[in-house]
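Worksheet for the structure shown next.
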Amino acid sequence: MRIDWRALFGPVMTATISLAAIVADHSLLAVPNPAPLQVCIVAIAAALSGVGPGLVSAVIAVATTAVFLLHHGPITGLDSAKLIRLILLAATASTTAIVTGMLRKKMMDAIERQRHRHATATRLAAALDQVDIGIVLLDSNTRAEFINRAFRKAFALPDAKADSKPPFIALMYHGRDAGCYELPEDELSHFIAERTEKMRAGDSTPINIKLSNGEVMRFSCTALPDGGRMLAYTPVTDLIRHTDDPANAEYYRSLRQTGGLFPVANLRAAE
């Protein structure tokens, strides 16, 4: 059988100190009333194990103080002054036990909620690492609080850099330096600046991003209530390639040669 030392600490300490004060006052020398020390022990008991042990300690404190006051001082017995002391001690000790115990319960509930949220966040992070959609969670300062495995793989992002909570602009520059984007070098700076501006504005319009390895990612940005952003990079390579009609390849190539009458995004079907 396991003994809960926290529940026993307060009552045992209260009884021990009180009895020591009674014996010392009766046999050795006059000692001051241990009531203030008893109230402190009641608070510790309630903080360690809740309202119950705190109230038990308070009862022991009042009972032992009554015994102490019976033979303490020039007048033996309990006069009105000593009764008032006992009443004040009872009120103070019981209130201390109840208030401290309630504060302890509130704190323990908050810790349990925090532990539950942490466990949920851990499970969610593990689940997001299993999907093939790249997920990046940004805080209100646009720093990456979470980057899942799919994004790290798609953009060749080392774990050390991903775990360092880089800002969004640093992720964009990493993709540029790693040669991940299928864009001419002179367009990359404009692309990064435009993506950063739209991300900050919370623009949810999805766009397709073509990577240098031939994959196509559909990028979308979702503004979160706390001012952060959730970025999603959904693989749509098969969708884009399968909807291209090979019979129209020569037609699209001819459009590329005749000028900019059509958006570049539509002309990429010729590739």
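Quick note: the coordinates plus some simple rules give every number you see, no bench work behind them. As the structure is a prediction and not an experimental result, all values here were calculated from the model. No Cβ is skipped: glycine too gets one built from the backbone with ideal geometry, and neighbour counts run over all protein chains shown.
Bridgeable aspartates and glutamates around residue 165 (alpha carbons under 20 Å apart, same-chain partners fewer than 8 residues away excluded): 129, 139, 145, 177, 197, 226. Taking N as the residue count of segment 5-121, its C-alpha radius of gyration divided by 2.2 N^0.38 Å amounts to 1.30. Prolate is the label for segment 51-196, because the ratio a/c of its alpha-carbon gyration tensor axes (a ≥ b ≥ c) is 1.5 or higher and a/b is greater than b/c. Straight-line cross-link reach from residue 106 at under 16 Å between alpha-carbon atoms covers no lysines, not counting any fewer than eight positions away in the same chain.
Taking a straight line from the alpha carbon of residue 161, these lysines sit under 29 Å away, with near neighbours fewer than eight places off in the same chain left out: 153, 198, 210. In a DSSP loop and with at most 16 other Cβ atoms within 10 Å, the trypsin sites (Lys or Arg not before Pro) in segment 2-97 are 2. Expressed per residue, the C-alpha convex hull volume of segment 129-235 stands at 90 Å³.
Residues whose amide H comes within less than 5 Å of that of residue 209, counting only those at least five positions distant or on another chain, are 217, 218, 219 (H built at 1.01 Å from N in the peptide plane).
Among 134-147, 167-180, 106-119, 35-48, sorting by the average number of other beta carbon atoms lying within 10 angstrom of each residue, highest first, gives 35-48, 134-147, 167-180, 106-119. Charge dipole of segment 5-121 (Cα centre as origin; +1 on each Lys and Arg Cβ, -1 on each Asp and Glu Cβ, all else neutral): 560 debye, rounded to the nearest 20. Among 146, 172, 216, which residue has its Cα furthest toward the positive end of the charge dipole of segment 129-235, with +1 on Lys/Arg Cβ and -1 on Asp/Glu Cβ? Value: 146.
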